[in-house]
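**Q** Here it is, the structure, as structure tokens.
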Amino acid sequence: MRWAVLAAALLVCCQETPARDATATPHEAAETNRVVLYIKGAEAQFETPEQGSELRRALNDLSTLPPLALCARRYADYGLTANQWTLVELLQHYVVPDPLQTIPDAAAFCTDAAKPAARAAVRAFIRSLDASEQR
Amino acid sequence: MGCVHHPSAPIVAVISGLRYCANCVAGIRAAATQLDPHVTPPACFVWYKNSAEGWQPIAGTGCAHYVAHQLNIMVGGPPNTCLNGFTYRVPLILTGKTLVTGGLGAVQVNDIWVQADRHHTGLVSKIDPPAPAATGSASQPANPIIWITHASSGQHKLATNRFDQYFHGHGDFFR
């Protein structure tokens, strides 16, 4: 009996601490996800269709690529010179979050991008761009 | 009364009624230097994030910010306004404005031009009479030449371009 209690205690103690998102409800996960916080309710600002296409390319990457590949991507700048901006730089130039915020930790941002709540928020933002182009 | 962000630091500048210390002034200048040359005016297109990150450029192209400065639009209040209190979001600069109807002949200097998709904006800065070669009719006179001044990220400068050429005649006007 004593061994059984000890084994049960060890089992409880040695279990890996669950990751934040594993224990968080979907609502809590969305509230703390860096991508959701930046994208949800944000406004896209760009001047030319080519700039808009580059933003869309980045958003598609944001909603599909794994974190390491996402952070390694480079995008054209305002003048359409290729491979000048990281994802974070591109977002800060074209997307105005509400409320205003920065992205101080690019790696954490890319990691958060892989979470379901983030991908849903990015897809919703892409749909809002689609809707604006129908005007 | 000390600095709005560093209460124990002495005041060296007052901007829009708020007091700032030397560290803040240096941070404001440093953040403004990160902006693309098209952002007009650049000195106030910054915001204070926190003590760790300090002063940062405001996100976005700054197109609405230019229009807001020209028309004295301060809708939204902090944090939807720049350091000097002017709006930088496109939807907010249209608050209380009315769509100009009556065709291009009804457009006036200082009307706000907005792309149809609402992602870029500028200001009507000049209107010239129709080109001599343009043909109109009594019922439909030739359109005037409308010039839009805008913070142009694509051209890296505050630019003035023809509505019918550079913008292909697309977009709406608000007054």
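**Q** Please tell me if A:SER63 is out of contact with any Lys or Arg (no Cβ under 8 Å at 6 or more places or on another chain) and more than 28 Å from B:THR81 (Cβ to Cβ).
**A** no
**Q** Okay, next question. Scan A:GLN84, A:GLN51 and give me the residue that is within 11 Å of another protein chain (Cβ to nearest Cβ) and not aliphatic (A, V, I, L, M).
**A** Sole residue among the options that is within 11 Å of another protein chain (Cβ to nearest Cβ) and not aliphatic (A, V, I, L, M): A:GLN51.
**Q** Further question on the same structure: Quick check on segment B:149-156. Is at least one of its residues in a loop (DSSP other than H, G, I, E, B), more than 10 Å from chain A (Cβ to nearest Cβ) and open to solvent by less than 30 Å² (accessible area, probe 1.4 Å)?
**A** No - not one qualifying residue is present in segment B:149-156.
**Q** Given the options A:ALA113, A:ALA120, A:ALA124, name the one that is buried (at least 19 other Cβ atoms within 10 Å of the Cβ) and more than 8 Å from chain B (Cβ to nearest Cβ).
**A** So the residue among A:ALA113, A:ALA120, A:ALA124 that is buried (at least 19 other Cβ atoms within 10 Å of the Cβ) and more than 8 Å from chain B (Cβ to nearest Cβ) is A:ALA113.
**Q** Let me ask you something else. Restricting attention to segment A:58-110, which residues are open to solvent by 70 Å² or more (accessible area, probe 1.4 Å), closer than 27 Å to B:GLY54 by Cβ and not charged (D, E, K, R)?
**A** Within segment A:58-110, A:GLN84, A:PRO99, A:PRO104 qualify.
**Q** Looking only at segment B:96-133, which residues are in a strand (DSSP E or B) and either touching a residue at least 24 places away in the same chain (Cβ under 8 Å) or exposed (fewer than 11 other Cβ atoms within 10 Å of the Cβ) (or both)?
**A** Scanning segment B:96-133 gives B:LEU99, B:ILE112, B:TRP113, B:VAL114, B:THR121, B:GLY122, B:LEU123, B:VAL124, B:SER125, B:LYS126, B:ASP128.
**Q** Condition first: open to solvent by less than 30 Å² (accessible area, probe 1.4 Å), outside any loop (DSSP other than H, G, I, E, B) and touching a Phe, Trp or Tyr at 6+ places or on another chain (Cβ under 7 Å). Can you find one or more residues in segment B:88-95 that meet it?
**A** no
**Q** What single numbered condition from (1) touching a residue at least 12 places away in the same chain (Cβ under 8 Å); (2) facing chain B (nearest Cβ under 9 Å); (3) in a helix (DSSP H, G or I); (4) open to solvent by 30 Å² or more (accessible area, probe 1.4 Å) fails to hold for A:SER132?
**A** (4)
The values are calculated or read from the model by the stated rules, or taken from the named source; none is laboratory data. None of the values given here were measured: they were computed from a predicted structure. All Cβ positions, even for glycine, are placed from backbone atoms using ideal geometry, and neighbour counts span all protein chains on display. All accessible areas refer to the heavy atoms of the entire protein, side chains included, with ligands and DNA or RNA removed. Shrake-Rupley method; radii C 1.70, N 1.55, O 1.52, S 1.80 Å.
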